[in-house]
Number of protein chains: 2
Amino acid sequence: MSSDPLVIFTPSGKRGRFPKGTPVLTAARQLGVDLDSVCGGRGICSKCQVSPGYGTFSKHGVTVAPDALSPWNAVEERYDEKRGLKEGRRLGCQATVQGDVVIDVPAESQVHKQVVRKRAEARDIVLNPAVKLYVVEVDEPDMHEPSGDLERLRLALEEQWGLSNVGADLHILQIMQPILRKGAWKVTVAVHLGDQDNPPRIMQIWPGQYEGRVYGLAVDLGSTTIAGHLCDLQSGEVIASSGVMNPQIRFGEDLMSRVSYSMMNPQGAEEMTRAVREGMCGLFTQIAAEAEIDQKLIVDAVFVCNPVMHHLLLGIDPFELGQAPFALATSGAMRLRATDLDLNIHPAARVYLLPCIAGHVGADAAAVALSEAPQKSDDLMLVVDVGTNAEILLGNKEKVLACSSPTGPAFEGAQISSGQRAAPGAIERVEIDPDTKVARFKVIGCDIWSDDEGFEEAVAATGITGICGSGIIEMVAEMRIHGIVDAPGLIGTAEQTGSASVFQDGRTNSYQVYDGTVKGGPKITVTNRDIREIQMAKAALYSGARLLMDKFGVDKVDRVVLAGAFGAHISPRHAMVLGMIPDAPLDKVSSAGNAAGTGARIALLNTDARAEIEKTVHAIHKIETAVEPRFQEHFVNASAIPNAVEPFPILNSLVALPDITFNTGGSGPAGGEGGGRRRRRRAST
Amino acid sequence: MSSDPLVIFTPSGKRGRFPKGTPVLTAARQLGVDLDSVCGGRGICSKCQVSPGYGTFSKHGVTVAPDALSPWNAVEERYDEKRGLKEGRRLGCQATVQGDVVIDVPAESQVHKQVVRKRAEARDIVLNPAVKLYVVEVDEPDMHEPSGDLERLRLALEEQWGLSNVGADLHILQIMQPILRKGAWKVTVAVHLGDQDNPPRIMQIWPGQYEGRVYGLAVDLGSTTIAGHLCDLQSGEVIASSGVMNPQIRFGEDLMSRVSYSMMNPQGAEEMTRAVREGMCGLFTQIAAEAEIDQKLIVDAVFVCNPVMHHLLLGIDPFELGQAPFALATSGAMRLRATDLDLNIHPAARVYLLPCIAGHVGADAAAVALSEAPQKSDDLMLVVDVGTNAEILLGNKEKVLACSSPTGPAFEGAQISSGQRAAPGAIERVEIDPDTKVARFKVIGCDIWSDDEGFEEAVAATGITGICGSGIIEMVAEMRIHGIVDAPGLIGTAEQTGSASVFQDGRTNSYQVYDGTVKGGPKITVTNRDIREIQMAKAALYSGARLLMDKFGVDKVDRVVLAGAFGAHISPRHAMVLGMIPDAPLDKVSSAGNAAGTGARIALLNTDARAEIEKTVHAIHKIETAVEPRFQEHFVNASAIPNAVEPFPILNSLVALPDITFNTGGSGPAGGEGGGRRRRRRAST
């Protein structure tokens, strides 16, 4: 309706008309405005803050009445009371459009383009791609022995290359005849060699000898980012790597927010499917431009992703994944056409999705298994892919167990008071001075430490904006090492800790990392609530690993592999102090980098690996943490720092953790023996 | 451009703007206006006549200037001189738009909806369709043994029905989960059972026990009409039959006009592909409405068509089929998805196209072979499918030969001065009185003969508009029997023939069948040129049959089967008098009706028949008439009536054909021994 209110967003300038009562967040989503939301519009996260403008905007030709948005509501009231809303701010998910309005999206409410790319790990891969090129000489048509051009081309492939029963997409039939004649009956064809479901098929045809290349894409479709590696299918080389934000972020940062968005909105799943496919197409355009190749030369693609992304990519409502028994629509590998997913690569390109292991353990975990291969290991390997969900594999060549653990988004900087994603300006490394107990730190985008000379100038480009996931882990571990936090997770007082950085913050204490307020910047602190969030996350991760160890019947593992972009940035020592991972020699804790991406690349370049991982996934023992009583038990005991489930002889030989227990409030004498210590002792015996 | 001239067509009211210089026929095509054209816009057929209006059209809000169309051109001048253009008429393919104009399409230039439907022949068919329904009970998901819903459904199909390796389209995955739960883990699935190229696939799923039906379509895609039979796949019954005009008629009536349209217009083939697919969708909507079923329950379809339609349907430019060596893009059977062809049936429906025999002998001929099965016959069978091209099969269980012969459109009433398609008002039966030599006739849509009492009233509903294909055959044969035409094909004078219906018409004579001019109707005559056209057509048909007989090494055949809607209306006796078919006992000449449609239905209902016809087609010996010197030889001698190639002992025992030869003009004495007789004698020795 043209009489619906006009909504204009700044700084993007995007505009549209929406019925009265439309939430600002909904309008932003529909216009593709870069407005953040972590909770999926439930009024919890406050990421969708906006600043409505009132009065006359001559540039936009509108006058905004004071009642252009719905009145301040109870959710906003409560949020303001508890955490404070800046003057003039509204929550985009609460305020609804009532009249023409101009809405500014402040920088902190925008979803930034993440700069940390998932890189392609160096790896030797056996080259046996699904699509290969063949040059053939085809018999000319003979009207006395009439047969179709395709039938003679098939015959040539059989006689000259031993390829039998080769079909062709309709598209090939549509372009083939002039090409055969242009090449004087010599052509190059790209043949997809088929699989158990599909006979081989001609995908592309060129006159004469084609001197160019054909390409494949290995895509790691994450909840936050979509990363792709473009590979030359003849050489196996990675030609370009690129990443984009997953546009689904608009619908909620963590997976469960997206599942709930689809439950609350009738077209929600469809919207999200469209968003992720469009994001994918954007990535492909970007990566092809970077490599300076024609997008239509991309003839094969492999995708890895978690089960929710898997379903949303395929256009399947993830409803069942949001509740027990977490039933996947399909757990098997998928072989599709690119056109089934509206992808803008070669029209006959095929797409392969690795199988899912279980409702919480996706094709990304399968790709990690393909890349890190615990199923081929003599040692007992623990492979942990840390993200919003942690996928955990434990095994050796005898057997492999897998589970997923709901770590939540704390490791990604969310739900942490000064937390943020890994982006320029985020604190990523921390050290606390043993004497002053003051923290020095490093920021993404700046090479020197905060106490180095010239830091102020060096950091000016990015500013200091928050703490990212690996930063918060180091922070908490350092606080524990230097006696600022006790084993149960309490921050002591300035007196108890001897740190001037500690200050009282309501009923608990907080630790100040950095104060930029004099220069108009943020104050970066670690609250006791932040410590709790990290404790919950690491307890979930540890309990999953410990549950698998129980099921395997072992008390220790030989090796720990940290997979994922985040895993690559964690300091193993700090992770162990925190009790995230079991006790292990530090030289046996390694990072596999983007193992899921590497697995995708292996499946892209070697079709034998596809059959192999399908078999492996079938054989993996799946453990559902949600219904395992042992998991709950471990979880309760694993919140101590380090956890109270097992002894840490190796860790203890490296770091002497102060044996302290703080007690704030009235629940016991300050500095006395706390419950955490007792729990830890009990677990150690 | 909005400043381009506005073109309004009446009576349809369709309008659009076109650049100056656009031919009226092109504008009509682009707007989908019902304006006939047989020659594909080459200025030959005059079917595209239009009446431009000048002056002010207040209803349409335009004023048409006298120069709104291009001036009369040389092609129109010549046509007017030779055949006469009615006052105010222009040829739509010649006149171009120069300004705003209102153009009337007179009734005779409109493509009428053909009422003669290709009917479904009664036939027993073994029932073994590609899609069957199965009720299964599926295990509920178990989070301790996680597997996808699809995997458990597959397992149930394997355990309960012995179906292994059953896949599912993405569409099924998208709808399956709520259906499984709604049916309390009991569902009905429709499974396409697969073929050599494709494993079985689930196409549809219903909760619980589905009590409805699924349907298939057998489609006979002709150059002029598209006819479909909707079949119940469980019972094999034909539920509804329907037909529509092939919308490609706009681009030329005969196939070669369409091939040349695609050569002359860069997007021509695409336009025609779009047109035929849209026509198809229109038919499906119509047939589903007639049967009162949901179109989405149509889960399988079989198509038969000639090679040009085959290519245009598939979106392949038919260019190569227009020139030697007539190379098909593919001759094999095609197994596609309905979505590949933009068809509006079940999204996962499969489409099967029968194989083509050769560049001129299509999937329709293969369907005739499937239906009439000369390859299984003890007798030597000649099967002739008469159309714009005649497809001819000759064979028995030893071997089968096939060829196509370019009969041209004369048998369909085109290129005949009073010719028209088989539609109400067309003369379809003729008898000449032996004494008065005056013709009596029957008209389609009227049950009584022209000399019966009450004829004038009975025929008033349809009028008498022309002669259709079967009518012209009887007409010429009757003229030959009654001495009005001689063996070489000349019409004698009124004196020579003793018929008052004969009149001098330029340098030759014509025969008047009916004169409706006093009542403002047409004068229906047979000119000597019409006789020539029929001679050419029947000579082509006969020569093809004769060539196959030579190749087979026989002089006679045991049986003759006339296939096609037209074949069903031909009188065998008249066809033999004309020399269309070889001499054979009249009781051995039969009509198979719509054999191609029957073949399509067999392939739809019995997948074994698909494999069978693919093998048969592979084994058929293909003969290309275009390059056979013997064909040219036969053709020269086959123009006599009956032909001069062989003796007609059976025919001669039935009819005493007058042994006359007329001679008009200066090439010999009138009534003397003509070349035709001598040729015939020579051929008889």
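Numerical summary
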{"quantity": "Unmet criterion (only one of (1) of a type in the set (Ser, Thr, Tyr); (2) modelled with pLDDT under 85; (3) touching a strand residue (DSSP E or B) at 6+ places or on another chain (Cβ under 8 Å)) for A:Ser3", "calculated": "(3)"}
{"quantity": "Residues satisfying the stated conditions in the range B:349-364, i.e. more than 14 Å from B:Glu391 (Cβ to Cβ) and not charged (D, E, K, R)", "calculated": "B:Ala349, B:Val351, B:Tyr352, B:Leu353"}
{"quantity": "Candidate set: the range B:315-326, residues that are surrounded by fewer than 22 Cβ atoms within 10 Å (Cβ to Cβ) and in contact (Cβ under 8 Å) with a residue 24 or more places away in the chain; chosen: the one farthest from the other protein chains (Cβ to nearest Cβ)", "calculated": "B:Gly322"}
{"quantity": "Single match in A:Ser241, A:Ser164, A:Ser223 (criterion: hydroxyl-bearing (Ser, Thr, Tyr) and touching a His at 6+ places or on another chain (Cβ under 6 Å))", "calculated": "A:Ser241"}
{"quantity": "Odd one out for B:Glu398, checked against (1) open to solvent by 40 Å² or more (accessible area, probe 1.4 Å); (2) in contact (Cβ under 8 Å) with a residue 12 or more places away in the chain; (3) farther than 22 Å from B:Val518 by Cα", "calculated": "(2)"}
{"quantity": "Answer residue from the range A:327-375, given it is touching a strand residue (DSSP E or B) at 6+ places or on another chain (Cβ under 9 Å) and of a type in the set (Asp, Glu) and is nearest to the other protein chains (Cβ to nearest Cβ) among those", "calculated": "A:Asp340"}
{"quantity": "Total residues in the range B:19-33, condition outside any helix (DSSP H, G or I), at pLDDT 80 or above and of a type outside the set (Ser, Thr, Tyr)", "calculated": "4"}
{"quantity": "Residue in the range A:335-348 that is surrounded by 22 or more Cβ atoms within 10 Å (Cβ to Cβ), at pLDDT 95 or above and closer than 27 Å to A:Val386 by Cβ present", "calculated": "no"}
{"quantity": "The one condition in (1) within 22 Å of A:Val386 (Cβ to Cβ); (2) without any contact (Cβ under 8 Å) to a residue 60 or more places away in the chain; (3) open to solvent by less than 40 Å² (accessible area, probe 1.4 Å) that A:Arg532 fails to fulfil", "calculated": "(3)"}
{"quantity": "Meets criteria (crowded, with 19+ Cβ neighbours inside 10 Å and either more than 19 Å from A:Val351 (Cα to Cα) or assigned by TED's automatic domain parsing to the domain that holds A:Gly43 (or both)) for A:Met272", "calculated": "yes"}
{"quantity": "Tally of residues being under 20 Å from A:Glu292 (Cα atoms) and without any contact (Cβ under 8 Å) to a residue 24 or more places away in the chain across the range A:236-266", "calculated": "1"}
{"quantity": "Residue match in the range A:376-395 (condition: touching a residue at least 12 places away in the same chain (Cβ under 8 Å), crowded, with 22+ Cβ neighbours inside 10 Å and within 11 Å of another protein chain (Cβ to nearest Cβ))", "calculated": "no"}
{"quantity": "Test: residue in the range B:595-617 that is modelled with pLDDT under 90 and surrounded by fewer than 23 Cβ atoms within 10 Å (Cβ to Cβ)", "calculated": "no"}
{"quantity": "Within the range A:140-172, tally of residues that are over 18 Å from B:Pro325 (Cβ atoms) and not polar (S, T, N, Q)", "calculated": "14"}
{"quantity": "Residue match in the range A:317-325 (condition: among the hydrophobic types (A, V, I, L, M, F, W, C) and farther than 30 Å from A:Lys399 by Cβ)", "calculated": "yes"}
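Per-residue answers, yes or no, for (1) of a type outside the set (Gly, Ala, Ser); (2) modelled with pLDDT under 95; (3) under 30 Å from A:Asn594 (Cβ atoms); (4) out of contact with any Cys (no Cβ under 7 Å at 6 or more places or on another chain):
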| site | (1), (2), (3), (4) |
| --- | --- |
| A:Ile125 | yes, yes, yes, yes |
| A:Glu137 | yes, no, no, yes |
| A:Pro146 | yes, yes, no, yes |
| A:Asp149 | yes, no, no, yes |
| A:Ala156 | no, no, no, yes |
| A:Ser164 | no, yes, no, yes |
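Residue-by-condition table, conditions (1) crowded, with 23+ Cβ neighbours inside 10 Å; (2) out of contact with any helix residue (DSSP H, G or I) (no Cβ under 9 Å at 6 or more places or on another chain); (3) at pLDDT 90 or above; (4) more than 25 Å from B:His360 (Cβ to Cβ):
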{"position": "B:Gly243", "(1), (2), (3), (4)": "yes, no, no, no"}
{"position": "B:Pro247", "(1), (2), (3), (4)": "no, no, no, no"}
{"position": "B:Ser260", "(1), (2), (3), (4)": "no, no, no, no"}
{"position": "B:Met263", "(1), (2), (3), (4)": "no, no, no, no"}
{"position": "B:Asp294", "(1), (2), (3), (4)": "no, no, yes, yes"}
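The values are calculated or read from the model by the stated rules, or taken from the named source; none is laboratory data. Since this is a predicted model, take the numbers as computed values, not measurements. When we count neighbours, we look across all protein chains shown, and the Cβ atoms used for this are built from the backbone with ideal geometry, even at glycine. Side chains are part of the model used for accessible areas, which takes the heavy atoms of the whole protein and leaves out ligands, DNA and RNA. Shrake-Rupley method; radii C 1.70, N 1.55, O 1.52, S 1.80 Å.
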